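Remarks on the structure that follows.
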Amino acid sequence: MASNKKYWVSVEELKPENSSKVETLKQNEFVNEIPVDQFLGEQSQEDSSATSRRDFLKFVGFSTAAASLAACEGPVKKAIPYVVQPEEIRPGVANYYASTIADGYDFASVLVKTREGRPIFVKNHDKAEVNSSANARVVASVLSMYDTKRVQGPKKDGKDVSWSDLNADVKAKIQQAKAQGKDVVFLTQTFASPSTAKLVSEYSAAVGGVKHVIYDAVSEDAALNAFEAKYGTRAMADYDLSKAEVIVSFDADFIADWQGGGFEGSYAKGRVPSNGKMSRHVQFESNMSLTGANADKRVALTPSQVKIAIAKFYGAMTGVSIGGSLPEAAEEAVKAAAKQVKKAGSKAVVLTGLQDDNAQALALAINESLSSEAFDPSSPLYTRKGNFSSVQSLIKDMNSGKVGVLVMVGVNPLYTLAEAKSFEQGLSKVGTSVVFSMKEDETALKSTYVAAMPHYLESWGDVEIKKGHYSLMQPTIRPLFDTMQFQDALLNWMGNDTSYYEYVKENWTTSILNGSSWNQALHDGVYKNTSAGVTASNEGVVSEGAMNVESAPVVLASGAGDYAVRLAKSSVEGVELMLYTKTGMGDGQQANNPWLQEFPDPITRNTWDNYLTVSKADADAWGFENTLADNGGLDGSYAKITVNGVSATVPVLIQPGQAKGSVGLALGYGKKEGVQEEMQVGVNAYPFYFEGNNVQPVKIEKVSGTHEFASVQMQNTLDGRGDILRETTLEVFNTENAHHWNPQPEVSMMHQEVEADEANLWQEFDTTVGHHFNLSIDLSSCTGCGACVIACHAENNVPVVGKSEIRKFRDMHWLRIDRYYSSEESFEADVEKVEAAPGAISTYHELEDPSANPQVAFQPVMCQHCNHAPCETVCPVAATSHGRQGQNQMIYNRCVGTRYCANNCPYKVRRFNWFLYAENDEFDFHMNNDLGRMVLNPDVVVRSRGVMEKCSMCMQMTQKTILDAKREGRTIEDGEFQTACSAACSTGAMVFGDVNNKESEISKLKEDDRMYHLLGFKGTRPNVIYQVKVRNTEEA
Amino acid sequence: MASHYEAPIREPLVTGDKTYHDVTVDVAAPVEGRANKQWWIVFSIALVAFLWGLGCIIYTVSTGIGVWGLNKTVGWAWDITNFVWWVGIGHAGTLISAVLLLFRQKWRMAINRSAEAMTIFSVVQAGLFPIIHMGRPWLAYWVLPIPNQFGSLWVNFNSPLLWDVFAISTYLSVSLVFWWTGLLPDFAMLRDRAVKPFQKKIYSLLSFGWSGRAKDWQRFEEVSLVLAGLATPLVLSVHTIVSFDFATSVIPGWHSTIFPPYFVAGAIFSGFAMVLTLLIIMRKVSNLENYITIVHIENMNKVILLTGGVVSVAYITEFFIGWYSGTNYEDYTYMSIGAATGPYWWAFWALIICNFIVPQTLWVKKLRTNYMWSFIVSIVINIGMWFERFDIIVIDLSKGHLPSSWTMFSPTFIDIGVFIGTIGFFFVLFLLYARTFPVIAQAEVKTILKSSGEKYKKLRDGNHE
């Protein structure tokens, strides 16, 4: 559709009789002649000049004013143009690169969006088959690169050194150590990198042997041990949960970070009812996890009870009687689950997150005996490799002075080890210690050398997340600082001149690519070859002849029955502390990332903190309470917890669904070094993480004081307003008419009941012309993971406001995920209760408190882009108005900040700039320094104080799609329109598109029986639609 | 109008054997005399409060609205509460001077001047809040439909906030003109009595060259009547429009069709309470006991009783309809069990006690003719009406449709400072007024002296005997 529009100045131009006049005028740019001669001509002409004295004075006046104005110093903005413009960079056009994050905790194939050479956004790599889903931390990882707390160059004893000195020194020290017969040890994160494994092995051979110890801060030792014992490789089985009809999980938080994470995509596929079927998910767990929150049935048990439960589950399946005692309801639930699993046969899968070799081995055995289709032990995952026992023997070696040189990469044992003290003592006895780190963290401060490490967006590398599935990591920006990656240093120490890039390329070309193009592989970021010559599976297993760390072979019984018997003997004594990782913080390596600190936890909706989660019954017994302050902020008591002689004071949060007799505490907080003061929040839970075991017996005492939480949601139940978050059961969904379980609201118009959407006071726009955008949110498949929240943050330059402002309910998130607990045992019972006694005072207050083991539901809410928007009518200056494509638009420049729109918004999605959040020392986060501001999206304006802001349905993205298609002269295909949140959603719960394209997925979703509008009875006609949540309540 | 016959059983409106000259002297006394110590003390306190408020306003404007206690859910609190409260107070003046004029209520003459002064000063306070509550108050002029160079930008005539702009500015200007018109003969009186040339100059400017000719008086009467006719609909319209801010919204508790009459009644209720508060003090301080008598107080108490009754019926209606609707979205509005038993129970009960229960005592004649009790009740009503607006705004906003967004509000010292500042500003203006303006419409009072003055009444009644 090339444009042949003709622009004209006036109607006169179009008249044919004027054509000659028009032509003359067109040729003559200045219609009136400029009297240059009069000023610059001969003096004699001055008398005859038309310039009068008055004119002269005007000119003088103007010149003086102009000259003096020009003399004032204007603001200087540095904008340096390219001298030689790189071919691939066009200002204003984004470039995307396929890459991979592998920071030792998060492993995922990603697409990196760069603008003018700056990475600004990390999103899902749709083409990748495994771990294509970027979770909240991965999306936020881009900001961790622009972190002022990064170590900016190599250091020795705290002083800057050059890389050549550092490399020469370390090389010499290593030779010296070898000569003295001392050990050279590499203590690294899990790389899952075939090239790194090969390189380390080559290096080891070159220097005569190094020990390679792999250490995962958050251990999956039990799963690895069990798998290793059964299948011979230190890896973890993979699961395709979309193939499972029955999922029974024993403390496996598989929607979050269980065994490396990445399962939510396949899980969600089975959660949307199609052809009358959906999966059934039963969860036995102690902490209220994201996974438990999504389960159809959740049974709260203490960690030792969960062990007994899995044993009894095995017993129920095989008909063997297993000892140990469980509460009666749990016993029933176990039997029912076993019955269902047996019935489903190969369509069932059993998962466990218990850090117990027997439990893991039992789960593997059960899945194998079921020949579960979801279970894939043949191509396992390599994303966790750590071995805690070898770390312990390393500490022993260090303390006995056996270690000459210790090279640490991507680990911070002085923060993450419970045994940090003995590690520190050992470290002082190590001759030379080198730590490759991005931060001057606890370990870096105690090491001889700090080798500044680049961020993954500045590095080369390769990753084998799952056997046979290779992916590449490529830099998307020139290193910001004087950094060197470990692999490059290693090549240097070997005296090898090649760079790691060349090494990876060489390695891939010879062993992996099988003749296909390197460039293509780099472009795609992923490559699949199940029979490649190199693999990450032998990472940590150094070449033959070298000294390997001997890990004690796992002693496992031969039969599954024995595992079960051992598990059933789990004793239940006192209170058990279960350490877990939060969706936002993970293992804590991104603690200095303000997006993640301000990310509301999907379950507790708390920010900037970790806390002891305690059940209501225990809290009452121990005297803990949560109260609301005058401004609605949440306050909590403090508890002193003691594990094994180590104690800490932590705030208490009463957590519905927490198993009585157990408490939870998140790892990853309380980091002090390499972290900005504002973000040194929470309590470090690693000191309780003895021997990498996440369950510890704990003593709890109440201590005085009140902790001020920063929670974004103070009301946790729906108060019987089931209409807001609609749900039904699979049975009803399959058997009843949609009117029954998803009634569309009706209003009276002309004394007739009509659907709310039909009643109208306004003259309607014709919305069938052009594009009309809708966003569908499927409450069945939304797991509440929050990747969309961070994606929205990144795409739209949403400011970070800090803990004290969040406590005042001034969070700026354009997209939030509401989490509701049922007040009775289910949401359905809540509604029934209201119907039984409407308006009774007791009903009110009872419905405000969540049940002890509630049902949980998530509901992402952003601006609903109402076609009849309450906000639009009330703005006195028309700063918010409706676009022809359905968006409710916010015109920041016009906004005077009356906040009337926010008051009148039934969805409360509007966010006000209470202060200036950018370039203000009071809000010293990424928007207050030049480095952090590099992450800002140039397509979206940074709002000033005093204006309202809200979700724009990523108008900058839809508009770009439209313009691109227009320039290319083509129609837009379904799926091209995306918002940041819909693109970040790895479960497919968010679908965005043009409803005027009748073939589009969104058009079908809009007509779906499950479709409803949030608060539809208000007649706001939102362009955001929800799909009713369906629960599979079918018991065996 | 002076020749109306008045029944002898009616209480005189001017007591204490006042002659025409006495009236002149009494009204001119505060202006011509020197301020006493008490005046200076009260004025100093008011000035300090005003300056403190000014400081808080400057801090707010320079730092951001974040210095107040608002949040994402409660976007208005003290700011609009104070706005509506001040506007409401402003209602009594116009009602007294315009509506009572049309109804030929002579007792208004002693109080209309001060009531109108109060109106104007409180509307000034009210007008402050819509401006400073804006995120970017320096752009406040954007709410005016001024032709501009921004392109096709225009104000949004759908917005009740815009209607407010027109309503308040109209109200302020009409009230000001009406007030000043009434002041002209009285300023002329002061001018004629003034001895210092400077004072004479000032009062002759203020009196717009009033000469006291019959033509002046004729025009004066005509203009007063016309302005009274113009101002009467404003009594109803201003608070109706203020109530539209809430009534046209979609928020439970705000979206209520009875708001306009209910708000108007509430405004008159609070306005009369404030007039009572001010005049009970003033009649003592300015020695006006003979002009502002218990008759006036009782009459005003009766108006309070009536409007208070209207307001009470509105509360009951709101409570009942919310409950009767059967929708649980109405469970937490400001008139609901949820509010009465929720975290804002104290605000709910403050409203009920102050506006609903305490004014009922005025049914007792002994109490409504008692100065002290009237004064206490008037203060209580002022507090109650502030809570009414606070409840409507904060309680309704804090628990809206989606429970996930429920929050609470607690004021910062800036919120409180701004409010106290406006009270200070109001009293600074009122105290200056009391020392420089004729606080009683003496020209009008003189017109009823023969019919309702105690002295003449006695003379006349004596003749009958």
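The values are calculated or read from the model by the stated rules, or taken from the named source; none is laboratory data. Remember, it's a predicted structure, so these values are computed and weren't measured experimentally. All Cβ positions, glycine included, derive from the backbone under ideal geometry; neighbour counts span all protein chains shown.
See the values below:
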quantity: Sole residue being farther than 30 Å from A:Thr987 by Cβ, touching a residue at least 60 places away in the same chain (Cβ under 8 Å) and not assigned by TED's automatic domain parsing to the domain that holds A:Gly988, chosen from A:Lys123, A:Lys127, A:Lys173, A:Lys159; calculated: A:Lys173
quantity: Long-range neighbours under 7 Å by Cβ, at least six apart or interchain, first residue within 14 Å of chain A (Cβ to nearest Cβ) within segment B:49-67, second buried (at least 20 other Cβ atoms within 10 Å of the Cβ) and polar (S, T, N, Q); calculated: B:Val67/B:Thr60
quantity: Enumeration of residues in segment A:215-230 that are more than 13 Å from A:Pro380 (Cα to Cα), out of contact with any Phe, Trp or Tyr (no Cβ under 8 Å at 6 or more places or on another chain) and surrounded by fewer than 23 Cβ atoms within 10 Å (Cβ to Cβ); calculated: A:Ala229
quantity: Every residue from segment A:802-814 that is more than 17 Å from the chain's Cα centre (by Cα) and more than 9 Å from chain B (Cβ to nearest Cβ); calculated: A:Gly802, A:Lys803, A:Ser804, A:Ile806, A:Arg807
quantity: Residue within segment A:193-201 that is farther than 23 Å from A:Trp508 by Cα and surrounded by fewer than 23 Cβ atoms within 10 Å (Cβ to Cβ) present; calculated: no
quantity: Residue among B:Trp349, B:Trp323, B:Trp373 that alone is surrounded by fewer than 20 Cβ atoms within 10 Å (Cβ to Cβ), in a helix (DSSP H, G or I), within 11 Å of chain A (Cβ to nearest Cβ) and not small (Gly, Ala, Ser); calculated: B:Trp323
quantity: Some residue of segment A:666-680 being within 14 Å of chain B (Cβ to nearest Cβ), small (Gly, Ala, Ser) and surrounded by 19 or more Cβ atoms within 10 Å (Cβ to Cβ); calculated: no
quantity: Residues of segment A:283-299 that turn out to be in contact with a Lys or Arg (Cβ under 6 Å, 6 or more places away or on another chain), farther than 18 Å from A:Val614 by Cβ and buried (at least 24 other Cβ atoms within 10 Å of the Cβ), as a count; calculated: 1
quantity: Selection status of B:Ser405, touching a Ser or Thr at 6+ places or on another chain (Cβ under 9 Å), crowded, with 23+ Cβ neighbours inside 10 Å, within 12 Å of chain A (Cβ to nearest Cβ) and more than 19 Å from B:Phe246 (Cα to Cα); calculated: yes
quantity: Counted residues, segment B:89-109 - those being closer than 16 Å to B:Ile292 by Cα, among the polar types (S, T, N, Q) and crowded, with 21+ Cβ neighbours inside 10 Å; calculated: 1
quantity: Within segment A:479-530, tally of residues that are farther than 24 Å from A:Trp163 by Cα and without any contact (Cβ under 8 Å) to a residue 12 or more places away in the chain; calculated: 7
quantity: Wholly enclosed strands (runs of 3 or more DSSP E) of segment A:71-124 bearing at least 3 residues among the polar types (S, T, N, Q); calculated: A:94-102
quantity: Subset of segment B:23-48 [closer than 19 Å to B:Ile111 by Cβ and not β-branched (Val, Ile, Thr)]; calculated: B:Asp26, B:Ala28, B:Ala29, B:Pro30
quantity: Meets criteria (basic (Lys, Arg), under 26 Å from A:Glu727 (Cβ atoms), buried (at least 16 other Cβ atoms within 10 Å of the Cβ) and within 14 Å of chain B (Cβ to nearest Cβ)) for A:Arg1021; calculated: yes
quantity: Restricting segment A:687-717 to residues that are within 14 Å of another protein chain (Cβ to nearest Cβ) and part of a loop (DSSP other than H, G, I, E, B), the residue that is farthest from A:Leu665 (Cα to Cα); calculated: A:Gln715
quantity: Breaking point among (1) under 24 Å from A:Gly265 (Cα atoms); (2) out of contact with any helix residue (DSSP H, G or I) (no Cβ under 7 Å at 6 or more places or on another chain), for A:Lys1018; calculated: (1)
quantity: 3 or more residues at pLDDT below 90 and out of contact with any strand residue (DSSP E or B) (no Cβ under 9 Å at 6 or more places or on another chain): qualifying helices (runs of 4 or more DSSP H) within segment A:718-819; calculated: none
quantity: Yes/no for B:Ala77 being over 30 Å from A:Arg816 (Cα atoms) and either more than 12 Å from every other protein chain (Cβ to nearest Cβ) or modelled with pLDDT under 95 (or both); calculated: no
quantity: Residue selected from segment B:170-184 under the condition touching a helix residue (DSSP H, G or I) at 6+ places or on another chain (Cβ under 8 Å) and either within 13 Å of chain A (Cβ to nearest Cβ) or among the polar types (S, T, N, Q) (or both), by the criterion surrounded by the most Cβ atoms within 10 Å (Cβ to Cβ); calculated: B:Ser175
quantity: Qualifying position, being of a type outside the set (D, E, K, R) and touching a strand residue (DSSP E or B) at 6+ places or on another chain (Cβ under 9 Å), among A:Asn135, A:Asn225; calculated: A:Asn135
quantity: Residue count, segment A:999-1018 (criterion: buried (at least 20 other Cβ atoms within 10 Å of the Cβ), assigned to a loop (DSSP other than H, G, I, E, B) and more than 13 Å from chain B (Cβ to nearest Cβ)); calculated: 2
quantity: Selection from segment A:683-701 of residues that are touching a helix residue (DSSP H, G or I) at 6+ places or on another chain (Cβ under 9 Å), more than 16 Å from A:Gly574 (Cβ to Cβ) and not acidic (Asp, Glu); calculated: A:Asn684, A:Tyr686, A:Pro687, A:Tyr689, A:Gly692, A:Asn694
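Matching residues to (1) over 17 Å from A:Asp849 (Cα atoms); (2) out of contact with any strand residue (DSSP E or B) (no Cβ under 9 Å at 6 or more places or on another chain); (3) within 14 Å of chain B (Cβ to nearest Cβ):
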| site | (1), (2), (3) |
| --- | --- |
| A:Trp622 | yes, no, no |
| A:Thr627 | no, no, yes |
| A:Asp630 | yes, yes, yes |
| A:Ser637 | yes, no, no |
| A:Thr642 | yes, no, no |
| A:Leu653 | no, no, no |
| A:Val663 | yes, no, no |
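To keep it simple, each residue is scored yes or no on (1) outside any loop (DSSP other than H, G, I, E, B); (2) modelled with pLDDT of 95 or more; (3) over 18 Å from A:Asp126 (Cβ atoms); (4) touching a Gly at 6+ places or on another chain (Cβ under 8 Å).
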residue: A:Arg970; (1), (2), (3), (4): no, no, yes, no
residue: A:Glu973; (1), (2), (3), (4): no, no, no, no
residue: A:Phe977; (1), (2), (3), (4): no, no, no, yes
residue: A:Ser982; (1), (2), (3), (4): yes, no, no, no
residue: A:Asn997; (1), (2), (3), (4): no, no, yes, no
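Rundown of residues vs (1) surrounded by fewer than 21 Cβ atoms within 10 Å (Cβ to Cβ); (2) over 19 Å from A:Ile247 (Cα atoms); (3) outside the structural domain of A:Ser447 (by TED's automatic domain parsing), yes/no style:
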| site | (1), (2), (3) |
| --- | --- |
| A:Ala359 | no, no, yes |
| A:Ala363 | no, no, yes |
| A:Asn367 | no, no, yes |
| A:Lys402 | yes, yes, no |
| A:Val405 | no, yes, no |
| A:Met408 | no, yes, no |
| A:Pro413 | no, yes, no |
| A:Thr416 | no, yes, no |
| A:Lys421 | yes, yes, no |
